[in-house]
Amino acid sequence: MLPIEQARIEMQQGEKEKARAILAKLVNAEPQNSTAWLLIADLLDNPQQASYCHERAESILKNQSQQNIFSNIVERTPAMTIIDENKTYQTKDCYFCAESIPSDTIICPYCKRNLSNQVEQNKYSELRLQPESIASNKGSKRSSYWTNIFLAVLVAIFLVCGFLNIITKSLSPNVRLEVIGSVKSADIAWSIAKGEIESGNYNLPFRKSISLSEGEYVELVAARYDSGSVTCQIWVDNSLWKESTSIGEDTIVFCNGYIGEP
């Protein structure tokens, strides 16, 4: 029987503590399981912790929806034509969608447009523009001048951004995650907004230093299944920023927030 089904049976029988213990182990092993987070929210008496579980589930579902959209786009991309490596092909860009296609193509395999009329118009345009080659050279010189100006400005912007990035990193706060308590070990998971997630069973006291910038999100979750107390803490620049404690059996404790907020 799957853990989700087992937890639901325990909930129907009124065994909330057993259901919560099953779900705590499940989210520690599968942090992206949105169903487990929603069920935990229904079991928690603390409104703040229940709200956190709901937000976590909504975030997971939103990311899954974005991934499905990307997969649909990939599936609709036209298949590439198999080309004989021993044969030399001349290619051109489609006049309508700019995709690279064989030079003798009449119907573009990407946008499905007829290219036969456009080929004739292109030939006529090339013949008509040939007498203006001198004017074209003058225009290319002017274009080259402004291109060099643009590149110089672009390099200056990169240098300034790099300098600001160095300053920002030097001012980034030192963030330390800690889990302490009367129990010997606990299941611990932590994640940040960049998508990094780590989890496992660790002996207490547990300490982990991470590098974050002002405004970045961080969360710390600790679960235990025997009697005792457990406390999760988030320290910023050696000052206690977030703290949460739980006492009893089979429970979860949370710490989370955006760096720099009260």
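No lab work stands behind these numbers, since they all come straight from the coordinates. Remember, predicted model here, so these are calculated numbers, not experimental data. Every residue, glycine as well, gets a Cβ built from its backbone with ideal geometry; the counts of neighbours run over all protein chains shown.
Observations on the model:
- Test: residue in the range 232-240 that is surrounded by fewer than 16 Cβ atoms within 10 Å (Cβ to Cβ) and within 20 Å of Val27 (Cα to Cα): no
- Scan of the range 204-233 for residues that are of a type outside the set (A, V, I, L, M, F, W, C) and in a strand (DSSP E or B), ordered by number: Arg207, Lys208, Ser209, Ser211, Tyr217, Glu219, Arg224, Gly228, Ser229, Thr231, Gln233
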